[in-house]
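Nothing in this text is a laboratory measurement; each read-out follows from the coordinates by a stated rule. Predicted, not measured: the structure shown is a model, and the values here were computed from it. Ideal geometry is used to build each Cβ from the backbone, glycine not excepted, and the neighbour counts take in all protein chains shown.
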Amino acid sequence: MNLILLGPPGAGKGTQARRLMEAHGIPQLSTGDMLRAAVAAGTELGKMAKEVMDRGDLVSDEIIVGMIAERIGEPDCANGFILDGFPRSEAQAAALDAMLAESGLALDHVIEMKAVAAALVERIAGRYTCADCGAGYHDRFQTPRVEGVCDDCGGATFERRADDSEATVRSRLAVYHDQTSPLLPYYRAKGVLREIDGMAGIDDVTAQLDAVLAGENQAGRND
Ligand code: AP5
Ligand code: MG
């Protein structure tokens with residue numbers, strides 16, 4: 001199963017991709033996480049990407065497409081993958097189509113996580129993750145069962161993203177609107193777009209995704 005989670009910053013792509021990964025045993029390919037790993041490692045790519053990410057702009061298509069092409073070729077993607085944060089421009093979507101065609105693969109679903117912009121700033125401002133395993137939390141909406149201890153790995157160190165300031169979130173939302181939302185009609189025209197309500201509670205969103213993947217959510221068909 002090859003799928004794309006498409007939606008604005010804070011829509012819940014990462015939260016749900018981790019759940020899908022566990023439930024379906026296919027990897028989450030998050031270009032944001034790959035870039036943050038490069039930043040943390042201090043590579044040349046990381047240094048360049050940090051500047052762009054701190055502004056809330058998009059890293060160049062060429063770099064991102066190269067990263068994904070390499071990742072999709074790895075053995076753990078043989079049974080499918082969940083794209084989280086890619087593609088994000090028309091050029092990236094075209095490059096993905098070419099990549100998939102070359103490998104004889106197709107997209108099973110492109111799922112739009114619909115969300116109201118006004119709520120996203122609060123979601124992002126309250127977000128933090130476990131520094132050891134990357135599990136995601138929120139000050140109000142998703143707290144660990146034991147305060148200060150990660151549910152998944154027991155880690156006690158948490159971190160917040162450098163690009164989660166209110167000003168950067170606003171530019172990320174504008175970039176989504178200008179450069180990424182044109183992908184919605186692109187995938188709608190291909191007949192693979194489904195939409196779900198990303199404003200529902202986290203478990204409810206998971207249930208909506210399960211219904212789409214089980215082919216039950218024909219009401220969510222948007223083609
Ligand atoms: P990226 O890391 O992809 O960030 P993003 O798209 O801005 O999305 P987020 O990760 O902020 O949101 P999310 O949808 O994953 O939400 P989450 O599940 O965490 O990209 C970062 C940067 O990297 C970009 O700005 C760009 O510079 C660069 N980049 C990345 N990919 C690129 C590409 N393809 N091309 C070019 N540049 C690229 O949820 C948010 C919070 O809300 C969490 O705290 C969570 O607990 C909470 N939450 C989640 N769901 C719910 C819910 N249903 N109800 C209540 N709270 C919820
Ligand atoms: Mg994310």
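Rounded, prolate or oblate: which one fits the range 74-139, using the alpha carbon gyration tensor with axes a ≥ b ≥ c (rounded when a/c is under 1.5, else prolate when a/b beats b/c, else oblate)? Numbers along the way, then the final one.
Details: a/c = 2.98, a/b = 1.65, b/c = 1.81.
Oblate is the answer for the range 74-139, as a/c is 1.5 or above yet b/c matches or exceeds a/b.
Along the Cα-to-C-beta direction of Ala200, a point sits 7 Å from the Cα; which residues of the range 109-139 have their amide N less than 14 Å from that point?
Taking a point 7 Å out along Cα→Cβ of Ala200, the residues of the range 109-139 whose backbone N falls under 14 Å are 112-115.
Would you report the distance distribution of C-alpha pairs in the chain as whole percents per 10 angstrom bin, up to the bin with the largest distance?
P(r) for the chain, in whole percents per bin: 7, 33, 40, 18, 1.
Multiply the residue gap between Lys190 and Ala125 by 0.36 nm, knock off their C-alpha separation, and tell me the result in nm, one decimal place.
Numbers: separation 65, 0.36 × 65 = 23.40 nm, distance 3.50 nm.
Additional length available on full extension: 19.9 nm.
Between Ala106 and Glu147, what is the FRET efficiency for a Förster distance of 45 Å, r being their Cβ-Cβ separation, to the nearest 0.05? Each step should come with its number before you reach the end.
Numbers: r = 45 Å, r/R0 = 0.99.
Result of the calculation: an efficiency of 0.50.
Show that you can apply the helix-only estimate: for the chain, add -39,500 (n - 2.57) for every DSSP H stretch of four or more residues, divide by all residues, and state [θ] at 222 nm to the nearest 500. Show your work: numbers first, answer last.
Details: 9 runs with 99 residues, N = 223.
Rounded to the nearest 500, it is -13500 deg cm²/dmol.
Taking amide H atoms as placed 1.01 Å from N in the peptide plane, list the residues 5 or more away in sequence, or in a different chain, whose amide H sits under 5 Å from that of Asn2.
Phe81, Asp108, His109
Provide the per-residue ³J(HN,Hα) series for the range 185-193, in order, calculated from phi with Karplus coefficients 6.51, -1.76, 1.60 and θ = phi - 60°, each as a whole number of Hz, with x at glycine and proline positions.
x, 4, 7, 4, 5, 7, x, 10, 7
Could you give the length gained on full extension between Ala211 and Ala23, defined as 0.36 nm per residue of separation minus the Cα-Cα distance, in nm? Mind showing how you got there, number by number?
Values: separation 188, 0.36 × 188 = 67.68 nm, distance 1.33 nm.
Additional length available on full extension: 66.3 nm.
Projected onto the charge dipole of the range 42-158 (+1 at Lys/Arg Cβ, -1 at Asp/Glu Cβ, origin at the Cα centre), which of Pro144, Cys133, Val52 gives the Cα projection farthest towards the positive end?
Farthest along the dipole direction, towards plus: Pro144.
Roughly how many whole Å is it from the C-alpha centroid of the range 127-145 to that of the range 10-58?
Result: 16 Å between the Cα centres.
Calculated FRET efficiency, Ser165 and Asp97, Cβ-Cβ r, R0 45 Å, to nearest 0.05? Show your work: numbers first, answer last.
Details: r = 35 Å, r/R0 = 0.77.
It comes to 0.85.
Counting other C-beta atoms within 10 Å, and keeping those with at most 14, which DSSP coil GluC sites (Glu not before Pro) do you find in the range 89-168? Walk me through the intermediate numbers first.
Numbers: sites: Glu90, Glu102, Glu112, Glu122, Glu147, Glu159, Glu166; in loops: Glu147.
Here the GluC sites (Glu not before Pro) that fit, given the DSSP loop and packing criteria, are Glu147.
Between His138 and residues 5 or more places away or on another chain, which pairs have amide H atoms under 5 Å apart, with H built 1.01 Å from N, and which residues are they?
Amide H neighbours of His138, under 5 Å, 5+ apart: Tyr128, Thr143.
Picking from Ala118, Leu5, Leu213, whose Cα lies most toward the positive end of the charge dipole for the chain (charges on Cβ: Lys, Arg +1; Asp, Glu -1)?
Sorting the options by dipole projection puts first Ala118.
For the chain, with only Lys/Arg (+1) and Asp/Glu (-1) charged at the beta-carbon, what is the dipole magnitude about the Cα centre, in debye rounded to 20? Don't skip to the answer; put the middle values down first.
Working: 22 positive and 35 negative charges, 73 e Å.
Its charge dipole is roughly 360 debye.
Please list, or write none, the lysines whose alpha carbon is within less than 28 Å of the alpha carbon of Lys47, excluding same-chain residues fewer than 8 places away.
Lys13
Using the crude model of +1 on Lys and Arg Cβ and -1 on Asp and Glu Cβ, and no other charge, please compute the dipole size for the range 130-223 relative to its Cα centre, in debye to 20.
Details: 10 positive and 17 negative charges, 87 e Å.
In total the dipole reaches around 420 debye.
Just the isolated ones, please: cysteines in the chain lacking another cysteine beta carbon under 4.7 angstrom.
Within the chain, the cysteines lacking a partner Cβ under 4.7 Å are Cys77.
Near the amide H of Ser30, under 5 Å away, which other amide H atoms are found, from residues 5 or more places off or on another chain, if H is placed in the peptide plane?
Asp84
Using 7 Å Cα-to-Cβ label points, what is the Asp33/Asp139 separation (nm, one decimal)?
Simple spin-label model gives 2.5 nm for this pair.
³J(HN,Hα) across the range 11-17 via Karplus (A = 6.51, B = -1.76, C = 1.60, θ = phi - 60°), whole Hz, x for Gly/Pro?
Result, ordered by residue: 5, x, 4, x, 4, 6, 4 Hz.
Step through the residues of the range 208-215 one at a time and calculate ³J(HN,Hα) from phi using the Karplus curve (6.51 cos²θ - 1.76 cosθ + 1.60, θ = phi - 60°), rounding each to whole Hz and writing x for Gly and Pro.
5, 5, 4, 5, 4, 5, 7, x
Please work out whether the range 127-222 counts as rounded, prolate or oblate from its C-alpha gyration tensor, where a ≥ b ≥ c are the square roots of the eigenvalues and a/c under 1.5 means rounded, while otherwise a/b larger than b/c means prolate and anything else oblate?
Working: a/c = 2.91, a/b = 1.47, b/c = 1.98.
It is oblate, given that a/c is not under 1.5 and a/b is not larger than b/c.
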